[in-house]
């Protein structure tokens, strides 16, 4: 791996898969030292890049090494930011506010990786990571594809649906959608999808009570209205968390879909 100026430190990290190497990376994002997990296939070669954007906030929804290794084993170099303020990183998360920079720079980190094919970096977001993925795809016009799985697309809708998250969202975002409308719109990619170039795949369980399927429907509807390339895989018996066997199959299927996409670069 090439060390560019944005990388401060790289330390080996225990890997659950003997065919995958893991590293704990410290990198600079808007002047902050932020942590993330990098996964590389041990087999020498040139691979497509995969930016994994986690859900949750702080310790909830934290990056899991096994999940990162799972995607890397499909033939990708994977980087997963922990987001600022986590696992010893500087700063504080603010739910797709300034911490979106951690994802943007993570994309650049993959670009600078010597084993990643030029212009072949994909963006994946789970749950809250859905908005991070879309915002990163809007910012990085050369992204090869975007996948949002159980992904948030409208932050104000999350506030309305998740009473258990309202206190946190008021504190982090600066109020409710009524009192901090611009802050919620800033975090909602639906308002900027005109700028999106990459093809999008939406995966969602229709029984999801963490992130309702309405988020997926709104995203799909808006992308289609704009004439963007979008596919949607809906699962009528699944919630936010898919059964292990189905999960594994969908991982393989979405990775195959990614590799078939052609961006406009």
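Bear in mind that the values in this text are calculations on the coordinates, not laboratory data. Since the model is a prediction, treat every value here as computed from it, not as a measurement. Cβ sites come from the backbone with ideal geometry, for glycine too, and all protein chains shown count toward neighbours.
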> Modelled label-to-label distance, residue 13 and residue 194, 7 Å Cα→beta-carbon offset: nm?
Replying inline: 3.8
> In what order do 148, 252 fall by count of nearby beta-carbon atoms within 10 Å, going from fewest to most?
Replying inline: 252, 148
> Which residues in the stretch 149-185 have a backbone N closer than 20 Å to a point placed 7 Å from the Cα of residue 259 along the Cα-to-Cβ line?
Replying inline: none
>> If I model a spin label at residue 246 and residue 141 as a point 7 Å from the Cα along the Cα→Cβ vector, what separation in nanometres do I get?
In response: 3.9
> Roughly how many nanometres apart are two label points built 7 Å out from the Cα toward the Cβ at residue 66 and residue 170?
Replying inline: 3.8
> Expressed as a whole number of Å, what is the distance separating the alpha-carbon centroids of the stretch 134-167 and the stretch 44-80?
Replying inline: 18
